[in-house]
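The values are calculated or read from the model by the stated rules, or taken from the named source; none is laboratory data. Keep in mind the model is a prediction, meaning the values are calculated, not measured. Glycine also receives a Cβ, built like all others from the backbone with ideal geometry; neighbour counts cover every protein chain displayed.
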Amino acid sequence: MQKIRPSLALFLLCPCLLFASGSWSQWRGDNRDGKGAATIEITGSWDQKQPELLWESDLIPSQDDGGFGSLISDGEKAYVSLVWHRDEPTQTRTISSLFLRKFGARKVNLPSELVDKAEKARISLSPRLRGSSLDKWIDNWLDENLDQRQKMTQGSLLASRFKKGKLAFNLSDVDLLFSVKDKVFPSQEALDRWIEKQPFSPGMKEKISQSVPHTKKMADDVVLALDLRNGTTLWKSSLPGAPSGRSSSSTPCFREGKIYTVGSNRIFCVDSEKGSIDWETPLELEGVAGSVLVHEELVIALVGNLRAYHRESGKLIWTNKQVSGKSASPTLWKTPKKDLIACNGGKEIFLVNPKNGETFWKGPGGGSSTPVCRDEWMLVHGKDEKAGLIAYRWKDSSVVEAWRFPKLTRRSDSSPLIHDDHAYLIGAGMRACLELESGKLIRKEMGKHDISSPILAGGKILAYEINGSFLQLIETKPEQFGTITKAKIGALRCTSPSLSGSKILIRKSDRIACYELSGASVQP
């Protein structure tokens with residue numbers, strides 16, 4: 001266990017309300033809407049009394065070695081599932097995707113004439129052009145040569161290459177390395193023979209030879225249970241898995257004493273008391289980032305296609321091949337007439353009958369975001385830029401589009417929120433508040449929110465900013481919508497905070513942290 005040191009300071013305007021339920025049983029909370037189930041009242045000012053760091057767990061890997069899954073809790077334990085990677089010595093050598101990324105070999109995905117123009121500009125840059133002058137030159141070049149989408153997707157890469165000048169990798173070298181991506185060479189000698197035959201410079205040949213790791217990735221599918229009182233590991237359930245990297249980022253689901261989750265290449269169930277494996281069902285693919293949904297007797301997950309398994313046995317019940325992907329998470333829409341499973345596919349949002357897996361309806365949307373549903377409303381943050389944030393409404397036993405808020409952004413992963421009569425988008429580089437009924441934009445401001453999804457706590461929004469560096473408190477009242485304050489917290493990017501009563505569970509890059517919200521009292 002790590003030494004506990006109070007370190008979190010949230011400078012909040014109080015009092016405010018926070019949800020008091022001890023359960024945060026699945027991705028985005030008990031109802032998969034970013035909300036807790038009950039309320040507690042926070043009194044006093046956090047300026048004067050900081051939330052107390054209760055505990056930090058033992059080391060738990062993340063990112064390339066453990067993914068970006070978030071935490072859940074049953075009120076007594078906190079749970080996290082991950083594909084736990086390790087390095088083992090090997091005689092073979094592999095130019096893997098992970099190696100290419102860490103080595104800095106990145107392709108420029110632009111038309112060839114633009115790539116040539118950028119490369120000529122990079123090579124001809126004067127070494128005397130530095131600092132703010134270089135930054136200004138780069139901004140001007142990008143503005144003059146790239147459209148908005150190209151700037152969003154490739155601008156930072158070109159800027160990095162401009163700043164490196166003549167030291168940037170030759171793109172022809174990058175292409176050669178990608179031509180053998182994931183190829184396994186039987187030995188160091190075999191790798192060196194391949195390198196020697198290529199038109200790399202002598203320095204590049206040496207750098208590649210010395211940089212390709214002498215280890216290979218191995219992995220286990222793991223579920224951890226931590227004591228919510230002190231962070232002690234109560235049990236660790238482990239199955240031999242496949243090294244699927246950071247793509248495996250599923251958040252588990254707790255239901256009636258069982259934990260359901262997706263590992264590297266399986267979906268499986270663990271007993272929450274003993275940590276024993278109840279069942280496992282193999283998958284035909286690896287690297288699932290979406291999280292399972294338990295509905296009645298079904299465990300539903302987007303694992304290549306949308307599938308339902310029997311929660312007692314893991315037997316496959318149905319498959320919907322129209323809904324494809326592995327990064328979105330299904331949710332339940334309890335419409336006024338029937339229960340439907342809502343899930344984003346590649347380019348559309350689908351509604352599926354949970355009884356037989358048949359598609360009931362589909363419409364614009366798609367991507368990795370989780371829809372949020374309340375009564376007759378379904379709010380979708382879609383990958384399609386023409387859709388953007390789009391509201392659907394149940395009307396006369398059918399689904400109609402109520403409004404949409406188009407946007408052109410690089411990311412569309414964060415999940416929206418519904419609170420009272422308003423819709424909120426905290427992500428895609430912005431904070432936006434809209435009227436739920438009409439879609440009228442109340443306020444929009446720029447913010448460094450990206451993939452992480454926000455949560456609602458007592459009428460306030462808690463959201464990570466700048467890759468998890470800060471936790472922001474955001475006012476939801478339309479006339480006051482915007483940031484109240486923020487605190488440096490160092491959360492793991494791409495994850496989302498979880499609530500367990502008056503506790504906030506946060507996944508960091510190498511451990512779990514739990515904080516007690518000061519001045520909390522349960523309301524009847």
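Checked against (1) of a type outside the set (Gly, Ala, Ser); (2) within 22 Å of LYS107 (Cα to Cα); (3) under 33 Å from the mean Cα position of the chain (by Cα), LYS136 passes all but a single condition, namely (2). If you go through region 73-104 and keep only what is farther than 30 Å from SER272 by Cβ and either assigned to a helix (DSSP H, G or I) or among the small types (Gly, Ala, Ser) (or both), you end up with SER96, SER97, LEU98, PHE99, LEU100, ARG101, LYS102, PHE103, GLY104. Counting only strands (runs of 3 or more DSSP E) that sit wholly inside region 354-457, those with at least 2 residues that are aliphatic (A, V, I, L, M) are 377-381, 389-395, 398-405, 417-419, 422-427, 430-435, 441-446, 455-457. Residues of region 241-266 that are assigned to a loop (DSSP other than H, G, I, E, B) and crowded, with 24+ Cβ neighbours inside 10 Å: SER248, SER249, SER250, THR251, PRO252, GLY263, SER264. Right, THR281: within 23 Å of LEU492 (Cα to Cα) and either modelled with pLDDT of 95 or more or charged (D, E, K, R) (or both) or not? No.
Would you say SER291 is in the same structural domain as ILE451 (by TED's automatic domain parsing), closer than 24 Å to LYS338 by Cα and not β-branched (Val, Ile, Thr)?
Values: in the same structural domain as ILE451 (by TED's automatic domain parsing): yes; closer than 24 Å to LYS338 by Cα: yes; not β-branched (Val, Ile, Thr): yes.
Yes.
Of ASP74, ASP58, ASP116, ASP65, all but one fail to be surrounded by fewer than 17 Cβ atoms within 10 Å (Cβ to Cβ) and assigned by TED's automatic domain parsing to the domain that holds GLU516; the exception is ASP58. Taken over region 442-472, the criterion of being out of contact with any His (no Cβ under 9 Å at 6 or more places or on another chain), hydroxyl-bearing (Ser, Thr, Tyr) and buried (at least 20 other Cβ atoms within 10 Å of the Cβ) is satisfied by SER452, SER453. I'd like to check something: does region 219-239 contain any residue that is in the same structural domain as LYS274 (by TED's automatic domain parsing), assigned to a loop (DSSP other than H, G, I, E, B), β-branched (Val, Ile, Thr) and surrounded by fewer than 17 Cβ atoms within 10 Å (Cβ to Cβ)? Scanning region 219-239 turns up at least one residue that is in the same structural domain as LYS274 (by TED's automatic domain parsing), assigned to a loop (DSSP other than H, G, I, E, B), β-branched (Val, Ile, Thr) and surrounded by fewer than 17 Cβ atoms within 10 Å (Cβ to Cβ).
So which residues in region 105-154 are part of a helix (DSSP H, G or I), closer than 29 Å to LYS207 by Cα and small (Gly, Ala, Ser)? Passing the criteria: SER112, ALA118, ALA121, SER124, GLY131.
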